[in-house]
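K.L.:
Below you will find the structure I want to go over with you.
The values are calculated or read from the model by the stated rules, or taken from the named source; none is laboratory data. Just so it is clear, the model here is predicted, and its values are computed rather than measured. Every residue, glycine as well, gets a Cβ built from its backbone with ideal geometry; the counts of neighbours run over all protein chains shown. In case anyone asks, the SASA skips ligands and DNA or RNA and just uses the protein heavy atoms, side chains included. Shrake-Rupley method; radii C 1.70, N 1.55, O 1.52, S 1.80 Å.
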Amino acid sequence: MDHPETSEKIVRVSLHDTLIANLRALLIRGELKPGQKVPEQALCRRFGISRTPMREALKVLASEGVLQLLPNRGAIVAVLREEEVEQHFPVMAALEAVAGETACRRATDADIARVRAMHDAMIKHYRAGDEVSYLKYGRAIHYAFFEIADNAVLTGFYDQILMRVHNARYVRSKSQDNWDRAVREHEAIIEAFEARDAERLGRLLKAHVAGTVVNIAKESIQRDQPPAQP
């Protein structure tokens, strides 16, 4: 029998909202990828629900632009366009800057040590060329600033945007130049956090997301575009 803290079966209280939250989590974690058909039946079995609430939840996510509903073909995960990167990432950069500044003011020594440990592990995987593990720790570091900031409104806005751009932001097979640049920027970010320099950390996070991360996202989109038709 599943432990109540680990089971993915949905409690029938607030089924609609809980299901939407679970689907959003799948998108953020990258379990559902851009262009992928949403496996409705498999998800219904996974969450222990019927197809009716699943389809209602998919409609909500489609209205938010993260899914596309296709006539008689179900839903697919929306593919991010380059113009959407230019619209979403400046907002994400601003939110990360606020989170970093707030985290600097609220962080305990234990918080700083925890982020430093994640950073050191990320660098270890970078040096080993293990991009999958590197991305895991990179995600954790960025999200840690929101956790430490402890502002539900700020985190809510961030999660909403992250769900849409996640797969473009955390990209495998990025160019080595962009990867190297991202690591150098992370080194400066962790140093500012350890120094509790809120203004500098906010500025560095904003520049990192609006600059290098945007370049990586656009690089991914351009690489994955289908060839032009003659």
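K.L.:
Got a sec? Which of 109, 130, 120 is under 20 Å from the mean Cα position of the chain (by Cα), of a type in the set (D, E, K, R) and over 24 Å from residue 159 (Cβ atoms)?
P.N.:
None of the other options fit; the residue is 130.
K.L.:
So in region 31-53, with the set limited to residues that are touching a residue at least 24 places away in the same chain (Cβ under 8 Å) and assigned to a loop (DSSP other than H, G, I, E, B), which one is surrounded by the most Cβ atoms within 10 Å (Cβ to Cβ)?
P.N.:
So, considering only residues that are touching a residue at least 24 places away in the same chain (Cβ under 8 Å) and assigned to a loop (DSSP other than H, G, I, E, B), the one surrounded by the most Cβ atoms within 10 Å (Cβ to Cβ) is 32.
K.L.:
Checking residue 140 against (1) among the aliphatic types (A, V, I, L, M); (2) open to solvent by 50 Å² or more (accessible area, probe 1.4 Å); (3) under 22 Å from residue 92 (Cα atoms), which single condition isn't satisfied?
P.N.:
Condition (2) is where residue 140 drops out.
K.L.:
Being free of Cβ contacts under 8 Å to residues at least 12 places away in the same chain and either crowded, with 16+ Cβ neighbours inside 10 Å or farther than 28 Å from residue 185 by Cα (or both) is the filter here, so list the residues in region 67-114 that pass it.
P.N.:
68, 69, 70, 71, 72
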